[in-house]
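Contents: one structure, followed by commentary.
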Amino acid sequence: MRARFGGLLFLALAATLPLWLRDPYFVAILTSTGIFIIAAISLNLLLGFTGQLSLGHAAFFGIGAYTSALLSLGFDVDIGLPSPVVVDPKPVWIAFFGAVVVSGLFGWLIGKLAFRVRGAYFVIVTISFAEVMRMVALNWVDLTEGPMALNNIPPLSVLWPGHGLTALVTKSQQYWLVLAVGVVCYFLVARMVRSRLGRALIALRENEPLARSVGVRVTHYLVVATVVSAAIAGAAGALYAHCVRIVDPDVFLFIYTVTMVIMVVTGGKGTLAGPVVGGLIFGLMPQALRGTAPPEVQWIIYGIGIILIVFFLPRGIVPAFADLARLRMPALRKPASLVR
Amino acid sequence: MIKHLWMTALAALFAVATAQAQETIKIGVNEPLTGAVAASGTYVTNGARIGAEVVNARGGVLGKKIELVIEDNKSNPKEAVDAAEKLILRDKVPVMIGAWSSTFTLAVMPKLVEYGVPLIVETSSSGKITVSGNPWVFRISPTSEMEAVAFLEKLDTFNPPIKKVDFLSVNNDFGRGAAAEFAKALASKGIKIGVTETMTPEATDLSAQLASIKKSDGDALFVTTGVEQVTLVIKQAAEQRLTQRIITTGGAFPDQMIANAGPAGMASYHILFFSPWSADKAKYPDVAKVYVDEWNKKKWEFAGLTEGFRGYDAVMTAVEAIKIAGKAEPDAIRQALWKTKLHGVNGDIAFIKQGPEGKESGQSVPNVYIVMLKEGKVTQP
Amino acid sequence: MDQILQHALNGVVLGGTYALLGIGLTLIFGIMRVVNFTHGELYAFGAYLAYLFVALLHLDFFLSIALAALAGFALGALIELVLLRPLRSNDIDTVMLVMIGAWIALQNGEQFVWGGVAKLVPSPFAQEPLVIGPVSVAPLRLFVLGATLVLLVGFYWLIDRTRLGMAMRATFQDRDTAALMGIDVRGIYTLTFALGSALAAIAGALLGPIFLVNPTMGNLVGLKAFAIVILGGLGNITGATIGGFVLALVEEFGAGYLSSEYRDAFGFLVIIAVLALRPQGFFARKARVG
Amino acid sequence: MLRLDAITVCYGKVPALREVSLEVHAGELVTLIGANGAGKTTTLKAISGLLSLASGSIEFEGVPIANTRPRDVLARGIAHCPEGRRVFPELTVRENLAMGAYLRRDQAGIADDLERIFAKLPRLKERIGQIAGTLSGGEQQMLAIARSLMSRPRLMLFDEPSLGLAPNLVERVFEIIAEIRREGTTVLMVEQNALAALEMCDRAYLLETGQMVLAGAGRDLLENPHMRRAYLGG
């Protein structure tokens, strides 16, 4: 009950933040952190609830970013068909949902392919997938502009009563947009985890042979989870494309996947609040470190920070604090809703 | 508990951002100081540091000292945007310098329009930067096209004359752009074009590309990439007995080859925008001398001089514009930049208009120098 | 034809060092079940030490490489003792995250110490290439090829013929039973990690003089080492050796005849293909060390 | 010789053994019987150092050995022949045997022991160069036993030596164990085949869900009504 109250308070604080915090820079970095938190939430669905470690998650993020950017800009590409494929610029929201669908499709493909293997092999397949996507983005210049990057991507817009279609360009508008998408994704994942599917996934994580023996269609559920996870990551990528308004092949870089993994694991994988907490810490930490030390020392602190969190809170921050809270308040022995 | 963390994070951010009294004029520097292209970004930043010191030693501008606010863009376009927003929103800089690579610069450009802050582009070569209709961009580095056209005037320094050329480029804007522009310019002089090979920026083994180039019967190979790959190309070309003369574009100079010379008789040519070996042959030798002396006083790597001048010239340009504007405000500086004319290390700096009417970007026309590196010795033919 | 020979020669030279990297990683992966993200950094560490010893301290070139290997061994042992041993009972993701942290810290530590400017390691060999029929090769590259082959043979001997190698193989196959035989399993872990790290460091020290030394040089190499491990099958040393050569040749010929732009993508495409067709890797009868 | 005093072993927070006490005297053959999951294997693992104790103590020849590393336990003279023929499948027969003598340095003694074992199990000598994973189930069990003997233990722990073997092989395995004991090695054996185990042992213990419920001479336990009902098929 109390955790739910905490969650609501957090949400209220977050929603009103641009109103009382008159610092556009802070709102800006929260926006870009928020985008990565959404990606981390999607990764958590795979890593936390199915136990499958995808180290190619940036691929879905990048596919979402490129799809949304390309659909909203339009493109014209010759792929060896009799006539070139020409796509006219689409309204941004159509591009956005297109990105979600395309990322989901890639999730399905990778799910089908990669779940033939598990553990370390799965890790490597996903890494390889992201690297190949990066090479494609880098070299298929006709479509992606390669390293020259896609720029001048239009911002997302909403139908604002009285103003017609309004582009979301200010920091606060983008912040609210990201927050809204984030909240939707959070509750989507929360619903999934508590559904039949979620129970099957958790059974799978705990004991795959047992789950198999009682008739859980393992691969089917894993693929479903991957599709949803990829689709959410794609949505995060699309937000990135329309907020940063430039997409280049670096979105597929391994370091982005690493950032997401760090957010999930330090926050507490398999907990709903974990990616949010881990995301806030590791999204804001680089910004907080700016200017405090030489750039490479900031990175060293970041790396050591990861190690320390793992050493002292191996299950992540959220479960550790949840334990603490339960210890202090015996009434809260039941798993708190936000945490479970 | 979550609220707690939240507040801690906020507090940390505020602590970092203790605002400073407005007794200095800030100039934002957005350069790659970590990651793949950290070396060049550091050189340019060092050049900018010298520029600020020289200006301050002469009493600053408008009676105030210059303060550089240096941000690392981590060799990554998204971080370049974050760095720009930090400089604009947090430090409230009225003018910025950056962001080295064309990709980073292009990423930052929408933010210039959004917040109305001018950017002095010191390195990026992509043609797109000044023709996309962004009135906040002022570039002092040459486009690949300018470099190619300027190179044509130096064609007679090559003997035997160049008849057919091949290209090896890093597969980004910089490399591809240079290959295309040089091919166009050289073709206009009746020079034939052979093969064009590309490489990823992180590639170290270029033997496959060089083997393909070796098959071509070209007599010159234009190489466009960062200084590290230039060094690798020259070393590996020697190993594979490439017959083409190697000419590098974009201002990269393989300084490591001075101490560790290649095989006897092998020479390479380098298009530079400043040649510290012949600073006396620069257009304004007295300007160049101040820069070189200050750099050497700090005992920084000599090699860094070839890139560091970009930061130096950019700071000087910004300061001159602030002086003309009479106040350190973004739009005033933008307008003043159009009137700015100064003698830089590279040569004359003055902006011409490029891009769609009404939203033109500024572009200066820099000088180009060619040096030859042979058996560890540098000469300017 | 000349082209084919030249590409093949280039591929084999590169393949030797890929094999060293792959073996080190597959050993660590196989015996310890640790996804080792510091492998590429040990490679960079070895290269920087070669630079330190040869260019700054003016030590003998060959001695420098040996010293770099020793230092790699020591750093590997240190990482294992400080970071991995206390986390032995944690799951693979947690351990992996620690390795990611170590990777970030090490890489930027290198930049902090050495700066971002690439370093060139001077070599004692003549710069003029040796011309053998239609192909040419730098003497340094021939030395590297020779050194890798000697190392590979030595490593096989260690694993196949010595008491220690036997203990490592036994630990890989059955950790508990190995412990019951009196094998100090924790000691084997430390040794395995140190040995794998030494191989990565020596690969770096050997390739440093051929290429350039910079702080990010380990990134792509680390990913490729993973590719090699998968290609060869987890824990399979012979597989990693062959995988290293196969990857280098695929890259070299792919870049030479298909597209140089996609050079670094070929390896990853091969992995996806391998895993789609034969999830256990090309050479795995069963995952094994030896 | 060996004395377990009220040991408790937990997997995570779940206790697998609760206050189990047991004694083995020099020269004895003692068996530990019980159903699947009763904690028999856990007991052996606790003795040999693969598992640590939550509480209680273990003494071997008067020296406490609880919570020491397996190699130290082995060095004191306790060999543990694990359940399910855990030979090293990718090592040769020769290498497997060498692993058994891993802690020993006396090459001559090792060679002697090898000869004695080959005399007892000639099949192993024939297959000396073969990869252990390719041996038949019976041969693998013989190899596992032989490997444990290579450390020259004074106390042998056998974990389900008859598991999964054909009846004639089961008999052969029990013969070998009896022989080992005759030659002076003390034996503690875990068995599911209660009848055979009780017939050959001196004393026996019965474990049920992590607790010791019966102890006594083998013959006495054969007569015990609870034992007969639950484990000996009436």
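The values are calculated or read from the model by the stated rules, or taken from the named source; none is laboratory data. Computed from a prediction, not measured in an experiment: that's the story for all the values here. In this analysis, Cβ positions are derived from the backbone assuming ideal geometry, glycine residues included, and neighbour counts consider all displayed protein chains. We work out accessible area using only protein heavy atoms, side chains counted, and drop any ligands, DNA or RNA first. Shrake-Rupley method; radii C 1.70, N 1.55, O 1.52, S 1.80 Å.
So, residue D:207, is that one more than 16 Å from residue D:82 (Cβ to Cβ), outside any loop (DSSP other than H, G, I, E, B) and open to solvent by 20 Å² or more (accessible area, probe 1.4 Å) or not? In short, no.
From the list B:144, B:132, the one residue that fits, being within 21 Å of the chain's Cα centre (by Cα), crowded, with 20+ Cβ neighbours inside 10 Å and closer than 21 Å to residue B:356 by Cβ, is B:144. The range B:308-381 holds strands (runs of 3 or more DSSP E) entirely within its bounds, and those carrying 2 or more residues that are of a type outside the set (S, T, N, Q), open to solvent by 20 Å² or more (accessible area, probe 1.4 Å) and over 19 Å from residue B:100 (Cβ atoms) map to B:341-343, B:348-354, B:369-374, B:377-379.
Counting only strands (runs of 3 or more DSSP E) that fall entirely inside the range A:68-164 and contain at least 3 residues that are of a type outside the set (D, E, K, R), the qualifying elements are A:85-87, A:157-160. Looking across the range C:99-136, the residues that are in contact with a helix residue (DSSP H, G or I) (Cβ under 8 Å, 6 or more places away or on another chain), in a strand (DSSP E or B) and more than 7 Å from every other protein chain (Cβ to nearest Cβ) come down to C:119, C:130, C:135.
Within the range B:222-274, the only residue that satisfies the criterion of being at pLDDT below 85, among the polar types (S, T, N, Q) and open to solvent by less than 30 Å² (accessible area, probe 1.4 Å) is B:240. In this structure, is residue A:308 more than 20 Å from residue B:82 (Cα to Cα), within 9 Å of chain C (Cβ to nearest Cβ) and open to solvent by 30 Å² or more (accessible area, probe 1.4 Å)? For residue A:308, the condition - more than 20 Å from residue B:82 (Cα to Cα), within 9 Å of chain C (Cβ to nearest Cβ) and open to solvent by 30 Å² or more (accessible area, probe 1.4 Å) - is met. Only a single item in (1) more than 19 Å from residue C:80 (Cβ to Cβ); (2) more than 10 Å from chain B (Cβ to nearest Cβ) is not met by residue C:217, and it is number (2).
Among the residues of the range C:144-162, how many are under 26 Å from residue B:230 (Cα atoms) and crowded, with 20+ Cβ neighbours inside 10 Å? Outline the logic, then answer.
Looking only at the range C:144-162, we keep the residues that are under 26 Å from residue B:230 (Cα atoms), and these are C:144-145.
Filter again for crowded, with 20+ Cβ neighbours inside 10 Å, leaving C:144.
Residues in the range C:144-162 being under 26 Å from residue B:230 (Cα atoms) and crowded, with 20+ Cβ neighbours inside 10 Å: 1 in total.
Listed by position, the helices (runs of 4 or more DSSP H) inside the range A:204-282 whose residues that are open to solvent by 10 Å² or more (accessible area, probe 1.4 Å), away from chain B (no Cβ under 14 Å) and modelled with pLDDT of 85 or more number at least 2 are A:218-244.
The requirement of being at negative phi, at pLDDT below 90 and not polar (S, T, N, Q) is fulfilled somewhere in the range B:119-128, by at least one residue. For the range B:277-305, residues that are open to solvent by less than 40 Å² (accessible area, probe 1.4 Å), within 24 Å of residue B:37 (Cβ to Cβ) and modelled with pLDDT of 90 or more total 4.
Within 14 Å of chain B (Cβ to nearest Cβ), of a type in the set (Lys, Arg) and outside any helix (DSSP H, G or I): is that true of residue A:22 in this structure?
Values: within 14 Å of chain B (Cβ to nearest Cβ): yes; of a type in the set (Lys, Arg): yes; outside any helix (DSSP H, G or I): yes.
Yes.
Considered as a group, the residues in the range C:173-184 that are open to solvent by less than 20 Å² (accessible area, probe 1.4 Å) and in a helix (DSSP H, G or I) include one that is farthest from the other protein chains (Cβ to nearest Cβ), and that residue is C:178. When B:63, B:133, B:59 are screened for being among the small types (Gly, Ala, Ser) and within 13 Å of chain A (Cβ to nearest Cβ), only B:133 passes. Pairs meeting the criteria (first residue in the range D:95-117 and polar (S, T, N, Q), second residue crowded, with 21+ Cβ neighbours inside 10 Å, beta carbons under 6 Å, at least 6 apart or on different chains) are D:96/D:87; D:96/D:88; D:96/D:132; D:96/D:143; D:96/D:147.
The lone criterion from (1) surrounded by fewer than 22 Cβ atoms within 10 Å (Cβ to Cβ); (2) at pLDDT 85 or above left unmet by residue C:259 is number (2).
Scan the range C:155-168 for residues that are within 9 Å of chain D (Cβ to nearest Cβ) and over 20 Å from residue C:77 (Cβ atoms) and jot them down.
Scanning the range C:155-168 gives a single hit, C:166.
When the residues of the range C:223-249 are narrowed to those that are more than 10 Å from residue C:15 (Cβ to Cβ) and within 14 Å of chain B (Cβ to nearest Cβ), which ends up surrounded by the most Cβ atoms within 10 Å (Cβ to Cβ)?
The first filter runs over the range C:223-249 and keeps only residues more than 10 Å from residue C:15 (Cβ to Cβ), leaving C:223-227, C:229-240.
Subsequent filtering for residues that are within 14 Å of chain B (Cβ to nearest Cβ) retains C:223-224.
On the way: C:223: 21, C:224: 24.
Only one residue fits best here, namely C:224.
Name the helices (runs of 4 or more DSSP H) wholly within the range C:1-98 that hold at least 3 residues that are of a type in the set (A, V, I, L, M, F, W, C), open to solvent by less than 10 Å² (accessible area, probe 1.4 Å) and touching a residue at least 60 places away in the same chain (Cβ under 8 Å)? It would help to see each step written out before you state the result.
On the way: elements: C:2-32, C:39-51, C:61-79.
Filter on the range C:1-98 gives C:2-32, C:39-51.
Please tell me if residue C:114 is under 16 Å from the mean Cα position of the chain (by Cα) and open to solvent by 20 Å² or more (accessible area, probe 1.4 Å). So residue C:114 fails the test.
Which is on the phi > 0 side of the Ramachandran plot and within 21 Å of the chain's Cα centre (by Cα), of B:358, B:347, B:376, B:326? One residue alone meets the criteria, B:347. Within the range B:86-98, no residue satisfies the criterion of being open to solvent by less than 10 Å² (accessible area, probe 1.4 Å) and either within 9 Å of chain A (Cβ to nearest Cβ) or closer than 21 Å to residue A:255 by Cα (or both).
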